[in-house]
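Structure first, commentary second.
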Amino acid sequence: MNLAVKRWAPHTLALVGLLVLLYPLVWLLATSLKPADQVVTSLDLWPSHLEWSNYTTALEGVSGVTVTRLLGNTLLIAGGAVLGNVLSCSLAAYAFARLRFRMSRVMFAFMVATLMLPHHVVLIPQYIIFNQLGLVDSYWPLILPKFLATEAFFVFLIVQFMRGLPRELEESARIDGCGPFRTYWSITLPLTRPALITTAIFTFIWTWNDFFTQMIYLFSPESFTITLALRSFVDQSSTSAYGPMFAMSVISVLPIVLFFFVFQRYLVQGMATTGLKG
Amino acid sequence: MSTVSTEAPPGADRTDGPRRSHAPKRRGPRRDKQWPAYVFLTPWMLGAAVLTLVPMAVSLYLSFTDYNLFEAPSWVGLRNYREMLTEDPRYWRSVGTTLLYVVVAVPLKLVLALGAALLLKSLGRGRSFYRSAFYAPSLLGASMTVALVWRALFNDGGTVPDVLGAIGINTGGWVGNPDLAVFAVVLLTVWQFGAPMVIFLAGLQQISPDLYEAAALDGAGRWRQFVSVTVPMLSPVVFFNLVLEMIQSFQVFTPAFAISGGSGGPADSTMFYTLYLYERGFTASHMGYAAAMAWLLLIAIGVVTLFLFRTSRSWVFYADEEGR
C-alpha cells in the first residue's frame, strides 16, 4: 500500500502540474472557438457551440492583408534567419574550433563577451545605420544580421559541439589533400548536424516569436509578420472580437507547435547539452 | 532569396589578413596558413565590427547627446545621465519595477525548475512526455499570443481573479491594479520554467548513482542526500542558470508590452526598464537618453554578473578541479 503511494505520488503531482501549466493553452484554444456572447458573459471553459466563423474572420487578416500573406512574410523572415545563422555561425565556429590564427583568443573572448551584451546597447545605432541605408520597413534589418553571425549564442554552441568531435576524420581528410573549405563542408559540417539542427530550430522559433525587432523595423501592413498583425488586430477590435482575436492567436502559434512536435527530441537534447534558453 | 548570394563564397579569400609566412616554423605534418581562418571569420568579423563594435561606440557617443533621429546630435555632456539619475522619477520607477521583477521572478522560476526536474527524474515511465509538456509553455512564452492570453486570464472577470475569489481571496483584476500588474508579468515568466528545468535535468542525470549509494550506506536519508550530494553536485548548473536568467530578466520586454498594451500601465506599474527605454527612444524620440539608459543597463548587468561570479567561489562546487 505504502509502496503504491510512493509510486503514484510523483505521477499524480506531475499530472496536476501539467493541468495547471497547460490550462492557459487549453483556454486559448477553447476561447478561439467561442461565440461572441459566451466570451463576455460565461465563465465556462468549453464553448457552448463551436464558432468556426471566428477562424474565417481571422483568416481575412488585418488592413486587407490576408493571414496567408502574413504567414508567408513571417516564414520568409524566419527562413532567411535560419539560413543565415546556420551558414555564418558554423563558418565562424569552424575557425574558432579548428583553425589556428593570431588573435584567436582575443576574438573568441570578444565573441563570448557579446553573449552578455544587452541588445539595447547596439539597438539605436543599428537602427540609425539601417535607416541611413533606407532599409527600414524592409526585411533586411531582420535577416542581414543573421548572415553576419551576430548571434553569439549559436557560434558558441557550434564551437562547443565541434570541439567535442574526434579530429581523426578531419586530419585524414587533410592528409588526403582536402583544403580547409572542403574539410569543413564535407567532413565537419555533416558531423555537426545535431548542433546545426538545434541552431535552426531555435532561430526559427525565436524569429517567429520575436516582437520587438519586428515592431521597430516594419511599418506597412503588407510587410507585417503575423505577430505584428495580431497586435494591430488587438488595437482595432473590441472585446466582442475576442473570438476572432484568439483564433488569430492560435493560427500565429500553430507553426511553432508543429515544429515542436516534429523536432522536440533535438530541441530538448540541444538545450540540455548547451544550456540554451527557450 | 537574394540575400544568400551576398555571402562570401568559400574560397573567395578577400580577407587575407596578415599573411606572415611563419609556417615553416610550425611543427606538424602540414603548413598552417592563417588566411583560411580569416575567410571563415569574414561574416563574423564584419558583423562584430559593423553591427556590434561601431554601434557600441556610437551609442556611447549618443548617450552624451540630444538626438531625435532627424537633426544632427548635439553634445550635452552628462546631462542625460544627470537627468536620469536625479530628475526623472519614471526612470527610478522603471528601475524599481525591474529589480523587483528580477528578485522575485528569477528565484521562483529556478526553484520551480529544480522542483520539476527532480520530479521528472523520479518518474520512470512518461518522463520524456512530461518533459516535453512542461517545456511547452517556454516555447510560446515570448510570443504575443501568450501575453494576450495572460492579459485575459488575469483581467477583471478572468480565470485567476475568479478562482482566487472562489477560495475567498478577492484580488480583483490584476492587470488594472498597479499593485498587482507586475506580478502578472512575474507569473508569466515563472510559468516558462522549461529551459532551466531541462538544464537542471541534464545536470541531475550526470550525478553518479555511486554517490547516492555511498551516502545511503552512511545512513543519509532522502533530505540529507539532497543537501549533501545533489545540491553541491548541481551547484555549477544552478550558477549557470542563475546568471543566464538574471541577464535575461533585466531585459524583459514583450510580456510587459503586451499586458499593458504598450503603455507600461496602470500608473507605470509595468513600465519595465527596457519598455521605458523604448518609450524614450522610439516613441518620444529621445535617442540620446535611450542610449544612456542602455549603457547603464549594460553596466548594471556587468556589475551583477561580476558579483555573482565573485560570490560563486564560495558556493559553486566543481568536482573536477578544472571546472568544466
query = Is there any pair linking a residue in the stretch A:107-120 that is open to solvent by less than 50 Å² (accessible area, probe 1.4 Å) to one that is of a type in the set (A, V, I, L, M, F, W, C) and not in a helix (DSSP H, G or I), with Cβ under 8 Å and at least six apart or on different chains, and which?
reply = A:Pro118/B:Phe250
request  = All but one of (1) open to solvent by less than 10 Å² (accessible area, probe 1.4 Å); (2) touching a residue at least 60 places away in the same chain (Cβ under 8 Å); (3) of a type outside the set (Val, Ile, Thr) hold for B:Tyr273, so report the exception by its number.
outcome  = (1)
ask   = Just wondering, is there one or more residues in the stretch A:178-195 that are under 23 Å from the mean Cα position of the chain (by Cα), of a type outside the set (S, T, N, Q) and open to solvent by less than 20 Å² (accessible area, probe 1.4 Å)?
value = yes
ask   = How about the stretch A:81-137: which of its residues are hydroxyl-bearing (Ser, Thr, Tyr) and closer than 30 Å to B:Ser285 by Cα?
value = A:Thr114, A:Tyr127
Answer from A:Ala58, A:Ala109 - the residue that is modelled with pLDDT of 90 or more and among the small types (Gly, Ala, Ser) = A:Ala109
query = Name the pairs: first residue in the stretch A:3-28 and more than 9 Å from chain B (Cβ to nearest Cβ), second residue in a helix (DSSP H, G or I) and open to solvent by 80 Å² or more (accessible area, probe 1.4 Å), Cβ to Cβ under 9 Å, at least 6 apart or on different chains?
reply = A:Val26/A:Leu19
message = Please determine whether any residue of the stretch B:65-76 is charged (D, E, K, R), part of a helix (DSSP H, G or I) and open to solvent by 70 Å² or more (accessible area, probe 1.4 Å).
response = no
inquiry  = With the structure loaded, tell me whether B:Tyr61 is more than 10 Å from chain A (Cβ to nearest Cβ) and at pLDDT 95 or above or whether it fails that test.
reply    = no
request  = Kindly provide the set of residues from the stretch A:132-152 that are at the interface with chain B (Cβ under 7 Å from one of its Cβ atoms) and either touching a Gly at 6+ places or on another chain (Cβ under 6 Å) or surrounded by fewer than 16 Cβ atoms within 10 Å (Cβ to Cβ) (or both), ordered by number.
outcome  = A:Ile143, A:Phe147, A:Leu148, A:Ala149, A:Thr150
remark   = Within the stretch B:151-174, the residues that are closer than 28 Å to B:Ala133 by Cβ and open to solvent by less than 20 Å² (accessible area, probe 1.4 Å) are B:Ala152, B:Leu153, B:Phe154, B:Gly158, B:Pro161
query = Quick check, is B:Met287 in contact (Cβ under 8 Å) with a residue 24 or more places away in the chain and closer than 30 Å to B:Pro137 by Cα?
reply = no
query = Residues B:Leu140, B:Leu188, B:Leu204, B:Leu148: which one is at the interface with chain A (Cβ under 10 Å from one of its Cβ atoms), under 30 Å from A:Val262 (Cα atoms) and modelled with pLDDT of 90 or more?
reply = B:Leu188
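The values are calculated or read from the model by the stated rules, or taken from the named source; none is laboratory data. These numbers were taken from a predicted model, which means no experiment stands behind them. Cβ coordinates were reconstructed from backbone atoms using ideal geometry, including for glycine residues, and neighbour counts include every protein chain displayed. SASA here: full protein model, heavy atoms, side chains in, ligands and nucleic acids out. Shrake-Rupley method; radii C 1.70, N 1.55, O 1.52, S 1.80 Å.
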